[in-house]
1. Could you give me the residue pairs with C-beta distances under 6 Å whose first residue belongs to the stretch 286-300 and is touching a residue at least 60 places away in the same chain (Cβ under 8 Å), whose second residue is buried (at least 21 other Cβ atoms within 10 Å of the Cβ) and in a loop (DSSP other than H, G, I, E, B) wherever it lies, and which are 6+ apart or on separate chains?
2. So which residues in the stretch 11-54 are small (Gly, Ala, Ser), assigned to a strand (DSSP E or B), crowded, with 21+ Cβ neighbours inside 10 Å and within 12 Å of ligand 1 (Cβ to nearest atom)?
3. Could you list, in sequence order, all residues of the stretch 19-51 that are closer than 14 Å to Ser117 by Cβ and within 16 Å of ligand 2 (Cβ to nearest atom)?
4. Among (1) over 30 Å from Glu336 (Cα atoms); (2) within 16 Å of ligand 2 (Cβ to nearest atom); (3) outside any loop (DSSP other than H, G, I, E, B), there is one condition Pro86 misses while meeting the rest; what is its number?
5. Quickly run through the stretch 454-501 and pick out the residues that are touching a Lys or Arg at 6+ places or on another chain (Cβ under 7 Å), away from ligand 1 (no atom under 16 Å from the Cβ) and charged (D, E, K, R).
6. State all residues of the stretch 6-17 that are of a type in the set (A, V, I, L, M) and modelled with pLDDT under 90; if no residue qualifies, say none.
7. Quick one: Asp268 ticks every box in (1) outside the structural domain of Leu389 (by TED's automatic domain parsing); (2) surrounded by 15 or more Cβ atoms within 10 Å (Cβ to Cβ) bar one, so which box is it?
8. Please go through the stretch 323-368 and pick out each residue that is of a type in the set (Gly, Ala, Ser) and in contact (Cβ under 8 Å) with a residue 40 or more places away in the chain.
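The values are calculated or read from the model by the stated rules, or taken from the named source; none is laboratory data. Here the structure is a predicted model, which means the values were calculated and not measured. Neighbour counts are summed over all protein chains in view; Cβ atoms, including those assigned to glycine, are modelled from backbone coordinates with ideal geometry.
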Amino acid sequence: KPDNVRVSYGTAGFRGNASGMEYVFFRMGMLAALRSKLKEAAIGVMVTASHNPEHDNGVKLIDPQGEMLAQSWESLATALANAPFPIVQEVLALPEKIGTPCIFLAKIIIKNLRPSSLSLSRAVLDGASAFGATCHDHGLLTTPQLHYILACYNGGDIKVDEEHYYQNYASAFKALLNVPVTSPVTVDCANGVGAAKLTKLAERIGANIIDIVVYNDGQSGKLNENCGADYVKVQQRAPAGLNMEPFHRYASFDGDADRLIYYTLDSDCNFILLDGDKIAALFATYIRDNLKKASINLRLGIIQTAYANGNSTNFLINQQNIEIACTPTGVKYLHEKALTFDIGVYFEANGHGTITVNQECKNKISAAAFDPNKSAEERFAAKKLKLFLDIINQTVGDAMCDLLAVEAILQDKNWSVKEWYRIYTELPNRQAKVQVADRRIIETGDAERKVILPSMLQPAIDELVRKYPSGRSFVRPSGTEDVVRVYAEANTQENADDLAQQVSLAVY
Ligand code: NG1
Ligand code: ZN
């Protein structure tokens, strides 16, 4: 462990340049073993740096039901990762000292990808084994597959494997669709793990039901380089080399397949993005409409972050009358908030999101599908809703499941991508990043929409924002990169770009 380096468990665990990070992974193996012991359940360890470049890597822990690591343990993870070596040695000697055999009731599940992943996964396994944990290495998986497998395992299905995932979602999708999807969807898999996995899922569903064309399958291109959901969202352009035709459906995953973005061209060949906000709007309105048709009264909410486009928020509140909540960036916050609704639809604008439904509500919907006191139309809507919710991976945002869900809704509504993107028009926006000496001096409040410290920064941003019609801007320190992120939106692209640049200068 280098003496002068401090790492912290951020938005998505530990992440950074892979070289010299073994000690962090080893210690996270130790921590996973401890947590497994405490919870008397399997804990997941995901080795990935998602959409970051190939030379980066990262590690995050997954709690027993497939949820993110409890926030109270994040500071323990940070403390252990930064502890001086002798302390770690003492902790390692703990089992002998307390005289208990290192028997763990659960397993640690590992996944790996990048060139560095093999040795870093090894470090996790070593750390966990040093505490006597029994480890199950599941090899390559997408992040959401690991969440799913872990939740099933702890639910009692100890034989669960990857194939189980495909069978479950392929059959759920086929049960929902009454006729095949008529036109193909092309999916850029960011040269990541999603390519092989999506190919398998598509095979299980069958090309006669849906034609999924995999692009960027990792055979020639580099992971996340000029492709993938983050590239498409931030650059607002198609992955390099993709030949697009107007109104065809294109989608991008990120490197570990937990983000999904759609896009297309209009008749003038303008690039049209359908991001996480638009997916959330599609899901939420579909659920709301079917709840209404089935005469089921449940509390539906959408959870967004400050990155949600202002017009998506307007559309949902003012035109659709759907309840909205806003949380800080990071799926753990969105997920937690979603659980406070009967049905929660949460999405980050970058395409990471899912739907949560509590069991009682699921039962209510299932019961309505067979309720003799309801009309045939009501029962039909309830059944459709139940089948729709079956194709959602409730543990975490899952690009493959979300793709199937979008495809199913479009098919059911007989919509092309055109009707979908026209539900509202996005305000032009721009994301930028600024390198500063220490990004941690920036503190934010109000779900990251306001800067608290340094105190002069927010008044400066307010003054800049006032100059632009429909202007909005905020800044926050990234939890995964050593940068401050800047977001701006305004009435025109030029103004949004300009505002982002002015605010970047104010940060600098
Ligand atoms: P940071 O680096 O904290 O902005 C990014 C994303 C998050 C989340 C994490 C985890 C944006 C603006 N930020 O976090 O939403 O997805 O990565 O991958 O997209
Ligand atoms: Zn990801």
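1. none
2. From the stretch 11-54, those small (Gly, Ala, Ser) are 12-13, 16, 18-20, 29, 32-33, 36, 41-42, 44, 49-50; that's our starting set.
Keeping just the survivors that are assigned to a strand (DSSP E or B) gives 13, 16, 44.
With the extra rule that they be crowded, with 21+ Cβ neighbours inside 10 Å, the set shrinks to 13, 44.
The one that is small (Gly, Ala, Ser), assigned to a strand (DSSP E or B), crowded, with 21+ Cβ neighbours inside 10 Å and within 12 Å of ligand 1 (Cβ to nearest atom): Gly13.
3. Val45, Met46, Val47, Thr48, Ala49, Ser50
4. Of everything listed in (1) over 30 Å from Glu336 (Cα atoms); (2) within 16 Å of ligand 2 (Cβ to nearest atom); (3) outside any loop (DSSP other than H, G, I, E, B), Pro86 misses just condition (2).
5. Asp497
6. Our first condition is that a residue be of a type in the set (A, V, I, L, M); within the stretch 6-17, this holds for 7, 12.
Residue satisfying the conditions is Ala12 alone.
7. (2)
8. Just the residues of the stretch 323-368 that are of a type in the set (Gly, Ala, Ser), to begin with: 325, 330, 338, 344, 349, 351, 353, 366-368.
Residues satisfying the conditions are Gly330, Gly344, Ala349, Gly351, Gly353, Ala368.
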